[in-house]
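A.B. asks: Can you keep this structure in mind? I'll have questions shortly.
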Amino acid sequence: MKNFLKTMSIISLIFGVGAPVFSNWIQPAFATSSVTVWFPWSQGDTTPFKAAIARFEAKNPDLRIIAKYGITFDKSLAAINAGKAPDISFDFGVDNVARYCASNTWINLNPYLGGKSGFKINDVFPRSTTVDLTYKSDTCALPLTTDAFALFYNQALFNKAGISAAPKNTDQLLEDSIKLTKFNADGSIKTAGFVPWMGYYCCGWGASTVAKIWNAKWYESPEQTALSSDPNWQTAFSWIQNFIARVYGNGNFMKGETKLLKFVAGAGDEWGCSQDLQSGRTAMTIDGEWRVGYICQSDPKHNVAALNYDVAPFPTSTSNSVAYGSGLVGGIVTGISKGAPNPSGAWRFLKYLTTDTQSLIEIANQLHTIPSTTAALKSKQFKFDPHLRTFVQIVQNPGSGYKAPSVIGRQDEDLINQLMTKLQMGQSPNVKKAVEDTSSQINSAIKMSN
Amino acid sequence: MLPWILGFLLLDAIPMIVSFYDSFTKFNILNPPKWVGFKNYIEIFTSDPLFWLALRNTLWWILFSILARLLLAITTAAILAKNRGNMKIFRTFFFLPAMIPTVAATIIFAFILNPVYGPINSFLHFIGVKNPPLWFYDPHWSKWGLLILSTWGIGDSMIIFLAGFLDLPDQLEQVAELDGVSAWKRFIHIKIPLLTPVIFFTIITGVFQGFQYFTQGFVISSESTDSSNSMYFLNTHIYIMGFKYFYMGYASALGWILMCLTLVITILLFKTQNKWVYYHNQGKKL
C-alpha cells in the first residue's frame, strides 16, 4: 500500500507540475508550422498580445506564434533588408505605408484578401482606417488600432464667455477665439482662445490638420504635389496669418506673432497636469484621443483643478462645411514582410489579430487608442470614457482619414510644416514664392524616390 | 597587431568603402542599391536648400563655438594657473560639468534657458531686462542658447590650457617683469604666443567637433518643438535623410561632403600654422 501511494504521488507530481512545462514541448510537436511576429511593445503593454496569441493558438493548434517583444520597426526594417525578416511586424503610423507597398517591404495582401480566407476590407473596417493603406491598388497593410484628432474645449471658459457650442467652422473659431482670449496688464497673453502655431505641442496642429480643415489636396498625381496648384492651401495660410493678427495682434500680424511666440515658449508640460488645456491657459486645442487619458483629476494639494471640458469634431473651413464631423485618423498598422518564411501562416494570424473584437478591444484599452474595426467600435465590450465618443464617431465618418499616401513617407508633411513655420514667423514675406519653393522640394523628393 | 587590423577593417575601412559606394547609388534600405553616378552630389548642391541651411548653421557654430571655447578656456586656465594654492578644488569644479552625459546636460539647459520659468530669464527680469530672449524658442537666439550650453562643458579645453600655462618657462616673463612690462602686455605678447600650439590644437579639434555637432541641437529641437530649422546642422541633415526618410545613398553622399569639408578646412589651417603658431622647441623667433 505504501509503495502504491508513493508511486501515485510521484505520477501526480509529474503531471501536476510537469504538465505545463511539458506542454510547451508537446505543442510544437503538434504544430506543423510557426510564424514569427516582432512586436514593438514591451513590459505591461504586451499583455493583450500574449492573450490574443493564446486564444489564436488554442483555435489553431497547427500554427505556433513565436513572439518577440520590444523590437521597434526600424529593426524589423533592417532585418527585412538583410533577408532575415520576421513574418509580421508593426509600424506606428500610416506615413510610410505607400513606401512599403511600392518597395514590397510589406507584401501585397490583395491575393489573401480575395482568397478563400479573405474578406472585404470595407465590410470589416471603417473607411477612415484603411483609405491610406493602399498604394496604386495594392493593399499592403491592415490597421491594428487607430488614433483620431478632435477639438478639446474648456467648457467653463466657454460658459464664462457666453459661448454655447463648439465652433463648427473657421469663422466661428476666429470669433470664439477673440471672445476667449484674455491679456495681462503688460499686453502678454493670459488665456489663448486657440493656438494655430507650429511647434505648440506635438501633434494637433500641422499640415495634416490644415489639409483636413480646408480640404486641401496633397497631390495632383503621384509625382506632382498640389501645394501650389490647389488654392485651398493658400487660403489656409492666409487664414492663419489673419487669425494671429486679429486675435493676438490687434490687427498687426508681427505684434501677434511676437506675443504668441512668447506664449508658446511658456507652455506647460504636454504630458503633465500643467498642460495648457488642463491649466486653463488655452481654451481650445486640437489633440488626439490620448489626451482624455492625460486629463488630471482634481488635486488641490498640487494646485490642480478639475477640468470641465468637452470634445467636438474640429471645425472645417466655411467652404468645406460638408466635411464637418470627419477628422484626422490614422494609427498602428501591420503587414507581412517581404521574404517572410511563412506568409500563409502569417496571413492567418494577421487576419485574426486585426479583426478579432476581443483582442482589439483589449489592445486598444491597454494602449489608450481606439480599435479599428466596425464590430469592435460598436461592441458593448468596448467601454470607454464618454469623452471618447466623439473620436469613435470621427473614426466611423467616411470622410475621415490621414494624408494622401506618398512614396516619400512624411517628408511632404515635414516640408509643408517647415513652410508653415516660416509663414507664422513672418520669415517669408513673399508667400507665393515660398509655396512654390516648397512645392519644388516635394517634387524633387518624389523624383529622388522613384 | 591582428586585432587592430581586424578592428580597423571591420569598423572603419569596410564601412567607409561601402558608404563611398552607396553615395553613388539610390539606396533606400527597402530595395538594393542602384547605381546613379553623381546624381546624389548634384542634387545636394543644386536642389537641396536644407543642405545650404545646415551648412550655414554648422559654419556659424564652428566659428562661434571655437571663439567662445578659446576665450573661456584661456581665461579660466590663466586664473587657475595664478591661484595654484586652490587650483585642485577649482580645477575639479570647472571640469565636473564635462562629466555629465550630453543628453542630460541638454535637457537641463532646456529648463535653465526656458524663457518663462527658467532661472536665467527670471534673473534677467529681476535686474530689469524687460524683454529677455526667448532662447530656444526664437530662431534668432536659439544658437546662442546652444553656445551657452556648450561653454558649460569647457572643462576639457580648460585642462589642456592649464597644462599649457603651467608648462610655460618662467624666465621670459620674469625678464619682462623686471623690464617694467605690464601684466596684460606680458599675457598678450609672451604667454599667448607661447600657447599658440595649444590654441592651434583647440581650433583643429573644435573644427572636428563642430562638423560633428548633432546631439544638443537635435535634443533641444525636440524639447522646444522647434520647426524653424535654426538648430539644423549638417549631421542633423544626414540623420534625417538617412534614418527618417531612408535616403541612405543620399545621406552617404552628404557624409562624404562633410568629410571633404572637414579635410579642406583642416589642411588650410595646417598651411597657415607657420605664420602664427610658435613651437618654442624649434628655436623660432617670437
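A.B. asks: Grab the helices (runs of 4 or more DSSP H) fully contained in the range A:301-380, keeping just those with 2 or more residues being of a type in the set (Val, Ile, Thr).
C.D. replies: A:343-355, A:357-367
A.B. asks: Right, something else. Does at least one position in the range A:79-92 carry a residue that is within 14 Å of chain B (Cβ to nearest Cβ), free of Cβ contacts under 8 Å to residues at least 24 places away in the same chain and either within 21 Å of the chain's Cα centre (by Cα) or under 28 Å from residue A:223 (Cα atoms) (or both)?
C.D. replies: yes
A.B. asks: Pairs only if they're at least six apart or on different chains, beta carbon under 6 angstrom, first in the range A:215-226 and more than 17 Å from residue A:449 (Cβ to Cβ) and touching a residue at least 12 places away in the same chain (Cβ under 8 Å), second in a loop (DSSP other than H, G, I, E, B) and of a type in the set (D, E, K, R); list them, first residue then second.
C.D. replies: As it stands, the answer is A:216/A:230; A:217/A:230, since those pairs meet every condition given.
A.B. asks: Please go through (1) surrounded by 22 or more Cβ atoms within 10 Å (Cβ to Cβ); (2) assigned by TED's automatic domain parsing to the domain that holds residue A:92; (3) under 14 Å from residue A:289 (Cβ atoms) for residue A:314 and return the number of the only condition it doesn't satisfy.
C.D. replies: So residue A:314 meets the others, but not (2).
A.B. asks: Still on this structure: From B:77, B:73, which residue is within 16 Å of residue B:207 (Cβ to Cβ) and of a type in the set (Gly, Ala, Ser)?
C.D. replies: B:73
A quick yes/no check of all residues on (1) surrounded by 18 or more Cβ atoms within 10 Å (Cβ to Cβ); (2) in the same structural domain as residue A:168 (by TED's automatic domain parsing); (3) under 13 Å from residue A:426 (Cα atoms):
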{"residue": "A:200", "(1), (2), (3)": "yes, yes, no"}
{"residue": "A:203", "(1), (2), (3)": "no, yes, no"}
{"residue": "A:219", "(1), (2), (3)": "yes, yes, no"}
{"residue": "A:233", "(1), (2), (3)": "yes, yes, no"}
{"residue": "A:237", "(1), (2), (3)": "yes, yes, yes"}
{"residue": "A:243", "(1), (2), (3)": "yes, yes, no"}
{"residue": "A:251", "(1), (2), (3)": "no, yes, no"}
{"residue": "A:257", "(1), (2), (3)": "yes, yes, yes"}
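A.B. asks: Quick check on my filter: what residues within the range A:402-423 are in a helix (DSSP H, G or I), within 11 Å of chain B (Cβ to nearest Cβ) and closer than 21 Å to residue B:30 by Cβ?
C.D. replies: Matches in the range A:402-423: A:411, A:412, A:414, A:415.
A.B. asks: Identify, please: which residue in the range B:225-250 is buried (at least 24 other Cβ atoms within 10 Å of the Cβ) and in a helix (DSSP H, G or I) and is, among those, nearest to the other protein chains (Cβ to nearest Cβ)?
C.D. replies: The extreme case among them is B:250.
A quick yes/no check of all residues on (1) in contact with a His (Cβ under 9 Å, 6 or more places away or on another chain); (2) at positive phi; (3) among the hydroxyl-bearing types (Ser, Thr, Tyr); (4) in contact (Cβ under 8 Å) with a residue 60 or more places away in the chain:
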position	(1), (2), (3), (4)
B:62	no, no, no, yes
B:71	no, no, no, no
B:77	no, no, no, yes
B:102	no, no, yes, yes
B:107	no, no, no, yes
B:120	no, no, no, no
B:123	no, no, no, no
B:133	yes, no, no, no
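A.B. asks: Give the residues of the range A:285-313 that are within 14 Å of residue A:154 (Cα to Cα) and not β-branched (Val, Ile, Thr), sorted by residue number.
C.D. replies: A:287, A:291, A:296, A:305, A:306, A:307, A:308, A:309, A:310, A:312
A.B. asks: Pick from the range A:120-152 the residues that are of a type outside the set (Val, Ile, Thr) and under 17 Å from residue A:378 (Cβ atoms): which of them is surrounded by the fewest Cβ atoms within 10 Å (Cβ to Cβ)?
C.D. replies: A:123
A.B. asks: For the range B:143-165, indicate whether the set of residues that are surrounded by 12 or more Cβ atoms within 10 Å (Cβ to Cβ), within 14 Å of chain A (Cβ to nearest Cβ) and closer than 30 Å to residue A:255 by Cβ is non-empty.
C.D. replies: Yes: one or more hits.
The rows are residues; the columns are (1) closer than 15 Å to residue B:278 by Cα; (2) touching a residue at least 40 places away in the same chain (Cβ under 8 Å); (3) in a helix (DSSP H, G or I).
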| position | (1), (2), (3) |
| --- | --- |
| B:144 | no, no, yes |
| B:150 | no, yes, yes |
| B:153 | no, yes, no |
| B:163 | no, no, yes |
| B:173 | no, no, yes |
| B:177 | no, no, yes |
| B:199 | yes, yes, yes |
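A.B. asks: Looking only at helices (runs of 4 or more DSSP H) that fall completely inside the range A:148-242, which ones have 1 or more residues that are under 21 Å from residue A:411 (Cβ atoms) and away from every other protein chain (no Cβ under 14 Å)?
C.D. replies: The helices (runs of 4 or more DSSP H) meeting that bar are A:207-214.
A.B. asks: All but one of (1) among the small types (Gly, Ala, Ser); (2) part of a helix (DSSP H, G or I); (3) farther than 29 Å from residue A:291 by Cα; (4) more than 14 Å from chain B (Cβ to nearest Cβ) hold for residue A:434, so report the exception by its number.
C.D. replies: (4)
A.B. asks: Can you say whether residue A:441 is surrounded by fewer than 18 Cβ atoms within 10 Å (Cβ to Cβ), within 14 Å of another protein chain (Cβ to nearest Cβ) and either in contact with a Leu (Cβ under 6 Å, 6 or more places away or on another chain) or farther than 20 Å from residue A:215 by Cα (or both), as far as the supplied structure shows?
C.D. replies: No: the conditions fail for residue A:441.
A.B. asks: Can you report the number of residues in the range B:231-248 which are at pLDDT below 90 and under 21 Å from the mean Cα position of the chain (by Cα)?
C.D. replies: Residues that pass the stated criteria total 0.
A.B. asks: Kindly evaluate residue B:96 against the criterion of being at pLDDT 90 or above, under 24 Å from residue B:204 (Cα atoms) and part of a helix (DSSP H, G or I).
C.D. replies: So residue B:96 does not fit the description; no.
A.B. asks: If a residue counts only when it is away from chain A (no Cβ under 14 Å) and farther than 30 Å from residue B:200 by Cβ, which helices (runs of 4 or more DSSP H) contained entirely in the range B:1-71 have at least 2 such residues?
C.D. replies: Per the criteria, B:2-8, B:14-22.
A.B. asks: Name the one entry in A:350, A:415 that is under 25 Å from residue A:215 (Cβ atoms) and more than 16 Å from the chain's Cα centre (by Cα).
C.D. replies: A:415
The values are calculated or read from the model by the stated rules, or taken from the named source; none is laboratory data. Remember, predicted model here, so these are calculated numbers, not experimental data. For neighbour counting, all protein chains shown are included, and Cβ atoms are generated from backbone atoms with ideal geometry for every residue, glycine included.
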